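Let me begin by presenting the structure, written as C-alpha cells, before commenting on it.
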Amino acid sequence: MKKLILLATLIALCAAPLKAQNVDQSAQIAQLTEEVNTLKTKSTTWDKITKALPKISGYAQVRYEFKGGDASTSTFQLRRVRVSFDGNISPKIDYKLQAELTSFKLVDAYFSYKPLDALNVRAGQFKLPFSIENTDYGPTKIELIDYPMALTYLVAYDEAIGEDVIKANGRDLGAKIYGKFANGIVAYDLGVFNGRGLNTKDNNKSKDVVGRLNIRPIKGLLLSGSYMWGEYGSSYLKRERWGAGVCYDYGNWMARSEYIGGNTGEQTSEGVYVTAGYRFCKNWMAVARYDTFCENTEFRPETSTTTYTVGINWRPVKHFLMQANYAYEDMVSGQGSRNIFQLQVSAIF
C-alpha cells in the first residue's frame, strides 16, 4: 500500500509541470491567434482603402518630324503628355479621368455602370464608338505614329465642318449603352453625343447618334461596322459617317483595314487604309500602310491624297517604345508630292 501511495505521488509530481506547460502553450496559441486575426483585419481594411484609391498611369511622347517639299519643315515636338486616374466606386461602377498636359484639357471624364455583360451604361466624355482604330488602338498601341487620314478628317481628330474644326482626339460628350453576347463573340455600342468635341455644350436641339457592331468569330479576328448621324451647329448642317473594317492581330502577325465615308452638308468624303505588320526578334516590329483619302468625291482627282508609309518599332521593355516612320505622300491635287520622316519615343508608366 505504501508503495502504491509513493507511486501515485511521483506520477502527480511529474504531471504537474506538464499541465503547466500545456496551459502556457494554450495561452501562447490563443495570443498568436488573436494577433493573426488583428493582422487580417488590418490587411482587409488596407485592401479596401487601396481598392478605393484610383490607379494612376500615363505616358509621354516626344516626336521629331521632317517634311520635304516646297514648304519643308524640321521640328521636335512634345506631342502628348497624358495622366490617367482609374478607379472603382463599387464592383459594378468604375470611372476614368484622363488629362492632356501639353495644353491642359480633359480628354476623358466618365463613369460606367456595369450590371450585366449584355447591358452596361457609360456617361461623360469618352471615345466615340466608331472605327476599330479609334476605339481599340490608342497612341501607345497603334503601330504607326499618325492615324490614317479618313479617321483624322472624319472622326473628330482634325475634322473640318464648315468654318469650324473639331480637334477632339476622337471623343465627345454624351452617353452610351454597350455590351456583349455569345461569350464575347458579338458586342455592340449605341450612344448619343453633343457632336461638338471636348467639353463643349451643344448649340442646337439635335444629338448625334453613334452605333457600332463588333464580331470576333475566332481569337485575334475582329469584324466591325460603325454608323454616325448628326446635325452640326445652329444651321443644323448634316454630319453623317459610316465605316466598316476587319482586323487580325494575334501572335507575330497584324493586318487591319477600314473604309470610312461621310457626308458633311452636301459634300461626300471617303477614305481607305490597309496596314500590315510582323513582329520579329521578340522586341521588333516592321509595319507598312497604304492610306488614301478623297475630301470631295465630286472632284476626286483634285481633292485626293495617297500616302505610303513604312516603319519599324522597337520595344525593349514593356513601358518604352521607339518608332521610326518614312512616308511618301502623293497629293493628286496638284500640290505635288513630298517625303516625310518621323521619329517618336513613348515612355509609359
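The values are calculated or read from the model by the stated rules, or taken from the named source; none is laboratory data. For clarity, every value in this text was computed on a predicted model and none was experimentally measured. Reconstructed Cβ throughout: ideal geometry from the backbone, glycine too, with neighbour counts over all protein chains shown.
All told, residue 131 falls short of being touching a residue at least 12 places away in the same chain (Cβ under 8 Å) and in contact with a Phe, Trp or Tyr (Cβ under 9 Å, 6 or more places away or on another chain). From the list 226, 235, the lone residue that is within 26 Å of residue 266 (Cβ to Cβ), touching a residue at least 12 places away in the same chain (Cβ under 8 Å), assigned to a strand (DSSP E or B) and of a type outside the set (A, V, I, L, M, F, W, C) is 226. Among the residues of region 177-189, those identified as touching a Lys or Arg at 6+ places or on another chain (Cβ under 6 Å) and not in a loop (DSSP other than H, G, I, E, B) are 187, 189. Restricting attention to region 194-223 and to residues that are free of Cβ contacts under 8 Å to residues at least 40 places away in the same chain and in contact with a Cys (Cβ under 9 Å, 6 or more places away or on another chain), the residue that is farthest from residue 267 (Cα to Cα) turns out to be 220. Among the residues in region 140-156, are any over 23 Å from residue 267 (Cβ atoms) and over 18 Å from the mean Cα position of the chain (by Cα)? No: zero hits.
Residue-level analysis places residue 129 outside the set of residues that are surrounded by fewer than 16 Cβ atoms within 10 Å (Cβ to Cβ), on the phi < 0 side of the Ramachandran plot and part of a loop (DSSP other than H, G, I, E, B). Only one of the listed residues (195, 138, 174) is of a type outside the set (Asp, Glu) and not in a loop (DSSP other than H, G, I, E, B). That residue is 174. Residue count for region 284-318, restricted to those that are over 17 Å from residue 249 (Cβ atoms) and either within 22 Å of the chain's Cα centre (by Cα) or not in a helix (DSSP H, G or I) (or both): 20. Could you say whether any residue in region 83-101 is in contact with a strand residue (DSSP E or B) (Cβ under 9 Å, 6 or more places away or on another chain), surrounded by 12 or more Cβ atoms within 10 Å (Cβ to Cβ), among the hydroxyl-bearing types (Ser, Thr, Tyr) and at pLDDT 95 or above? Yes, region 83-101 has at least one match. Could you say whether any residue in region 147-167 is of a type outside the set (Asp, Glu), buried (at least 17 other Cβ atoms within 10 Å of the Cβ) and free of Cβ contacts under 8 Å to residues at least 12 places away in the same chain? Yes. Scanning region 169-189 for residues that are surrounded by 15 or more Cβ atoms within 10 Å (Cβ to Cβ) and without any contact (Cβ under 8 Å) to a residue 40 or more places away in the chain yields 186, 187, 188. Residues considered: 132, 185. Of these, the only one that is in contact with a Cys (Cβ under 6 Å, 6 or more places away or on another chain) and at pLDDT 95 or above is 132. Taken over region 210-222, the criterion of being surrounded by fewer than 16 Cβ atoms within 10 Å (Cβ to Cβ) and out of contact with any Ser or Thr (no Cβ under 9 Å at 6 or more places or on another chain) is satisfied by 217, 218, 219, 220, 221.
Across region 330-349, the qualifying residues are those that are at pLDDT below 95 and part of a strand (DSSP E or B), and the one among them that is surrounded by the fewest Cβ atoms within 10 Å (Cβ to Cβ) is 336.
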